[in-house]
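**Student:** Take this structure, written in structure tokens, and hold onto it; I'll ask about it next.
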Amino acid sequence: MAARGTRASGTRRGAPAARRQPAPQRRPATLIDALGRAVRDVEVDVQRGRIGPSVRATFQAVALLVRQERDRVRAADVPEGQRSAQMKRIDTIATALARTAARDGTLLVLLADDAPLVEGARSLMRELQQAGGVEPVEAPVPAVTAPQQARPERQVVPRSVISRQLANPFLEPDYSSAPAPTRRPRQLTSWELLGPLLRAFETPAAGAVSCMPLPAPGSLAQPDGRELMPHQGALVAAAAEGHRTFLLADEPGLGKTAQALLAAQAAGAYPLLVVVPNVVKTSWAREAALWTPQHRATVVHGDGETVDGFSDIVVVNYEVLDRHVGWLGSMGFRGMVVDEAHFIKNKTSKRSQNVLELSQRIRSRTVRPLLMALTGTPLINDVEDFLAIWEFLGWIGEEDPEPELLDRLEDTGLTPADPGFLAAARQAVIEMGVVRRRKVDVAADIPARRIADLPVELDGALGRSVRDAERALARRLVKRYRSALAARGEEDREGVDLELVRRVATAERQDTSEASGAENVFTMMRRIGQAKAALAADYAAQLARSAGKVVFFAKHVDVMDTAERVFAQQGLRSVSVRGDQTTRQRTAEVDAFVNDPGVAVAVCSLTAAGVGLNLQVASDVVLAELSWTDAEQTQAIDRVHRIGQDRPVTAWRIIAAQTLDARIAELIDSKAGLAARALDGSDEELSSSVDVQLEALMALLVDALEDGA
């Protein structure tokens, strides 16, 4: 039988040999030839549905060698025509790879720059190089970091993680639970939907539900005798039944850490990545040892030299996430928990971008991973704070809902033009996994809490300096205001132009930021804190003698220093929890306060100790300085008011009477209903979302103008 190539040339079978063309000399095999044959074999296997480990290994080997060969040809010193011909053949193979990958998602992920080297790919690369007449060169393992141009920061890979990768180089993506693809007509594809979704939470109907339907809890008893509360068991049961994304927004103190750890166990979501604030990462490791002791946890410190790469749970803090994103993204996590998820509300921040990148990479490798955003205060300033959390959970993309949420919105049969769309859209989001329970609803055994304001008069030199500084700030605002009126030719205007007041206050805040040397709203509040420090500490000392242990919160270091001196002078032992401490120091201080009867007061930083700590051994909290948000204030109080507390909790706010302090306290209280309105369906009226600093400056200016300044 004649060869196919002979028959294709038009030669008739049996023709005289003299009339046949001489057989062309076979040119030496090249690497491109070998890659072309290999990619054709892969195409055939994929078309026939034979996609096993060997096909994936061949596919990746070809992809890596094509990349190398393209770089070699580009750099080679050869005639341009020859280079163009070779590049054309390389592009043909690359196109075949892309076309084949489009048929199967497990192949598509192998084209990524940071895809791990699958088992057998390295040896196949050597065989292809030999078949192509190329001396085999040991190819580097694909980098586990993101492309250098996208992440110039220093990246590290702990040695134990490398050991894990070498022990299991074939880390196959998990698509075992992938739902069958469905195509359905969509009537909402032409609508802008994120705006209506936010409005649905901004203006909910009174009494609207704030929690997805949850199943009845299973057994609440744990192997070591610990017992969950029913509301905790209900969430764990939902994870056991297959729900995989949760915005766990229970009020602080309702045991979100235990719920997340046991949900991961119920879902088999290991290895599990947990991203937390620095002050609580050791606490998370402790809680993991208590609730899921059979799953080893490791904590990432610094460059990760002490990381156990074979642990089931990896705990890392936001502050060092930058240098670990690369290897974390290739670890094959099947679950991710973000604690204090309101930390990622600003999508332009690096920590938010890191969290969102990791979430996307986990979702690209595992169908329906367990993703949990934990925060007792999901909204700080505005309903737009939801966006980054929803994106982390995979509910929305940059501009539109993702398919699952879009399907739920389609199921309503409504569009944003229909009257009932907002209520239906809100319910659709809730059912994606919003879980919000209040203490009053689910933890009747936790005593009530109250916030009591204690006005104090500022005397002495510090008090006078506060009043002088406040008057100077008011005069500067009035001068700006009157200059603006004069520029408009309205020097004789009667009444206060509130819009101009807002513009003046905005300009003042921009010109005199917290870091500037000029007297401003930030330095004013620091002066007030310094003036109140000794008075607040004295009151805390009285409480400690009469009622037991006290937690003292302040915002500035010098206020904490003053308080500690007062306690020492009065013979009271205190501990300190600050932002500049190591994790070991902070843990030792907290343990001393909790376990040592002789320690009367814990002096805590609002920012460093306001999250994650369990200080329920006390029932009195003294807030020596005000926060800028109700959420931060609430987080601080709930270090004491939480599960296990058996006494009523009182938070004593020390307010400097007749100063900017009192005005800011009112502004903070006016914003306290934001989460209640958005999540709990409260019909409480809210102030605007403009920040407290701006409103404080506006109030100061209006008061000065009305007083005739």
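**Student:** Looking only at the stretch 199-220, filter to residues that are at pLDDT below 80 and in contact with a helix residue (DSSP H, G or I) (Cβ under 8 Å, 6 or more places away or on another chain); which one of those is surrounded by the fewest Cβ atoms within 10 Å (Cβ to Cβ)?
**Tutor:** Here the residue is Ala205.
**Student:** Still on this model: Could you please find all residues in the stretch 457-474 being assigned to a loop (DSSP other than H, G, I, E, B) and surrounded by 18 or more Cβ atoms within 10 Å (Cβ to Cβ)?
**Tutor:** Result: Leu458, single match.
**Student:** Could I ask something else about it? Can you say whether Arg186 is outside any strand (DSSP E or B), basic (Lys, Arg), modelled with pLDDT under 85 and not assigned by TED's automatic domain parsing to the domain that holds Asp418, as far as the supplied structure shows?
**Tutor:** yes
**Student:** Among the candidates Leu485, Leu454, which residue alone is part of a helix (DSSP H, G or I) and either among the hydrophobic types (A, V, I, L, M, F, W, C) or in the same structural domain as Phe246 (by TED's automatic domain parsing) (or both)?
**Tutor:** Leu485
**Student:** Does any residue of the stretch 431-442 turn out to be touching a Gly at 6+ places or on another chain (Cβ under 8 Å) and at pLDDT below 90?
**Tutor:** Yes, the stretch 431-442 contains at least one residue that is touching a Gly at 6+ places or on another chain (Cβ under 8 Å) and at pLDDT below 90.
**Student:** Which residue pairs have Cβ atoms closer than 9 Å, lie 6 or more positions apart in sequence or on different chains, and pair a first residue in the stretch 240-263 that is without any contact (Cβ under 8 Å) to a residue 60 or more places away in the chain and assigned by TED's automatic domain parsing to the domain that holds Phe343 with a second residue that is buried (at least 23 other Cβ atoms within 10 Å of the Cβ) and assigned to a loop (DSSP other than H, G, I, E, B)?
**Tutor:** That search, which allows pairs on different chains as well, returns Gln259/Asp250.
**Student:** Hey, among Asp630, Asp620, Asp661, which residue is touching a Leu at 6+ places or on another chain (Cβ under 9 Å), at pLDDT 80 or above, under 24 Å from Thr523 (Cα atoms) and buried (at least 17 other Cβ atoms within 10 Å of the Cβ)?
**Tutor:** Asp661
**Student:** Which numbered condition in (1) polar (S, T, N, Q); (2) touching a Phe, Trp or Tyr at 6+ places or on another chain (Cβ under 6 Å); (3) part of a loop (DSSP other than H, G, I, E, B) is the only one that Gln616 fails?
**Tutor:** Gln616 satisfies every listed condition except (2).
**Student:** So, one more: Name the residue that is surrounded by the most Cβ atoms within 10 Å (Cβ to Cβ), counting only residues in the stretch 263-277 that are within 20 Å of the chain's Cα centre (by Cα) and in a helix (DSSP H, G or I).
**Tutor:** Ranking the qualifying residues of the stretch 263-277, first place goes to Ala264.
**Student:** Turning to a different aspect of this structure: Which residue is surrounded by the most Cβ atoms within 10 Å (Cβ to Cβ), if the candidates are limited to the stretch 633-654 and must be among the β-branched types (Val, Ile, Thr) and modelled with pLDDT of 80 or more?
**Tutor:** Looking at the filtered set, the residue picked out is Val640.
**Student:** Anything in the stretch 302-320 that is crowded, with 20+ Cβ neighbours inside 10 Å and not in a loop (DSSP other than H, G, I, E, B)? List them, or say none.
**Tutor:** Hits for the stretch 302-320 are Ile313, Val314, Val315, Val316, Asn317, Tyr318.
**Student:** Restricting attention to the stretch 581-599, does a residue exist that is in a strand (DSSP E or B) and without any contact (Cβ under 8 Å) to a residue 60 or more places away in the chain?
**Tutor:** Within the stretch 581-599, one or more residues are in a strand (DSSP E or B) and without any contact (Cβ under 8 Å) to a residue 60 or more places away in the chain.
**Student:** Under the condition of being touching a residue at least 60 places away in the same chain (Cβ under 8 Å) and not in a loop (DSSP other than H, G, I, E, B), which residue from the stretch 391-404 is farthest from the chain's Cα centre (by Cα)?
**Tutor:** Pro401
**Student:** For the stretch 556-580, name all the residues that are part of a loop (DSSP other than H, G, I, E, B), farther than 20 Å from Leu462 by Cα and within 27 Å of the chain's Cα centre (by Cα).
**Tutor:** Arg578, Gly579, Asp580
**Student:** Another question, then. Restricting the first residue to the stretch 405-429 and requiring it to be without any contact (Cβ under 8 Å) to a residue 12 or more places away in the chain, which pairs with a second residue that is buried (at least 16 other Cβ atoms within 10 Å of the Cβ) and part of a helix (DSSP H, G or I) meet a Cβ separation below 9 Å and a spacing of at least six or different chains?
**Tutor:** Gly413/Ala424; Leu414/Phe421; Leu414/Ala424; Leu414/Ala425; Asp418/Ala424
**Student:** Quickly run through the stretch 278-301 and pick out the residues that are in a loop (DSSP other than H, G, I, E, B) and either touching a helix residue (DSSP H, G or I) at 6+ places or on another chain (Cβ under 6 Å) or buried (at least 21 other Cβ atoms within 10 Å of the Cβ) (or both).
**Tutor:** Scanning the stretch 278-301 gives Thr292, Val300.
**Student:** Please pick out the residue among Arg56, Arg48 that is among the charged types (D, E, K, R), assigned by TED's automatic domain parsing to the domain that holds Ala85 and without any contact (Cβ under 8 Å) to a residue 12 or more places away in the chain.
**Tutor:** Arg48
**Student:** Still on this structure, please answer the following. Mind checking which residues of the stretch 330-339 are more than 8 Å from the chain's Cα centre (by Cα) and not hydroxyl-bearing (Ser, Thr, Tyr)?
**Tutor:** Correct list: Met331, Gly332, Phe333, Arg334, Gly335, Met336, Val337.
**Student:** Tell me whether the stretch 527-537 contains one or more residues that are within 23 Å of Glu632 (Cβ to Cβ), part of a helix (DSSP H, G or I) and of a type in the set (D, E, K, R).
**Tutor:** Yes, the conditions are met somewhere in the stretch 527-537.
**Student:** Checking Phe421 against (1) buried (at least 17 other Cβ atoms within 10 Å of the Cβ); (2) closer than 26 Å to Asn278 by Cα: exactly one of these is not met. Which one?
**Tutor:** (2)
The values are calculated or read from the model by the stated rules, or taken from the named source; none is laboratory data. Since the model is a prediction, treat every value here as computed from it, not as a measurement. Positions of Cβ are generated from backbone atoms using ideal geometry, with glycine treated the same way; all protein chains shown enter the neighbour counts.
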